[in-house]
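Chemist: Below you'll find the structure I mean.
The values are calculated or read from the model by the stated rules, or taken from the named source; none is laboratory data. As the structure is a prediction and not an experimental result, all values here were calculated from the model. Neighbour counts run over all protein chains shown; Cβ positions are idealised from the backbone, glycine included.
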Amino acid sequence: MFRKFRMKFARKEDAARVAELFREINSKASKSDIEELIQKRKVVVFFKKKKIAGAFSFALFGAGFLSFLYIRKLAVDKKLRGKGLGSVVLQRIKKFSLRQKAGGFFLWSITQAVGFYRKNRLSNLGRIFWWWK
């Protein structure tokens with residue numbers, strides 16, 4: 001169902017929708033904060049039928065083979081949750097981290113998403129989850 005969605009760096013006109021998605025997961029994301037991250041190319045969006053279905057923001061830490069992505073925020077549209085899009089997004093983030101020359105990624109999970117990350121077999125310590133190649 002979600003194999004054919006597009007993933008690309010967000011553009012300035014995507015900022016309002018991304019901020020809305022991030023606020024759905026109990027975040028204090030403002031449009032201006034998102035615009036700043038977009039300008040730095042630190043936000044990626046997922047499109048399904050020309051509509052933003054999800055987004056994530058990230059930071060790259062380290063250098064060389066010891067670098068990794070920190071996933072700051074990761075959100076999927078409420079209407080699409082529980083349908084498999086999040087799992088596909090995690091697979092795409094793995095590939096994305098490798099394209100960014102990172103060995104993997106890590107994130108801090110909100111309480112409601114702990115089961116989701118465990119189901120997707122990410123390693124964890126409490127609410128910190130990671131994937132390493």
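Chemist: Does any residue in region 49-76 that is within 11 Å of Leu107 (Cα to Cα) come within less than 6 Å, Cβ to Cβ, of a residue that is surrounded by 17 or more Cβ atoms within 10 Å (Cβ to Cβ) and of a type in the set (S, T, N, Q) six or more places away or on a different chain, and which pairs are these?
Modeler: Leu69/Ser97; Arg72/Ser57; Lys73/Ser57
Chemist: Still on this structure, I have one more. Only one of these is of a type in the set (Asp, Glu), closer than 21 Å to Lys12 by Cα and touching a Gly at 6+ places or on another chain (Cβ under 8 Å): Asp33, Asp77. Name it.
Modeler: Asp77
Chemist: In addition: Looking for something among the β-branched types (Val, Ile, Thr) and either part of a helix (DSSP H, G or I) or modelled with pLDDT under 95 (or both) - is there at least one such residue anywhere in region 64-75?
Modeler: Checking region 64-75: not a single residue is among the β-branched types (Val, Ile, Thr) and either part of a helix (DSSP H, G or I) or modelled with pLDDT under 95 (or both).
Chemist: Taking into account only those residues within region 32-61 that are out of contact with any Phe, Trp or Tyr (no Cβ under 6 Å at 6 or more places or on another chain) and among the small types (Gly, Ala, Ser), which is surrounded by the most Cβ atoms within 10 Å (Cβ to Cβ)?
Modeler: Applying the filter and picking the extreme gives Ala55.
Chemist: Quick check on Val43: is it touching a Ser or Thr at 6+ places or on another chain (Cβ under 6 Å), hydrophobic (A, V, I, L, M, F, W, C) and within 21 Å of Leu80 (Cα to Cα)?
Modeler: yes
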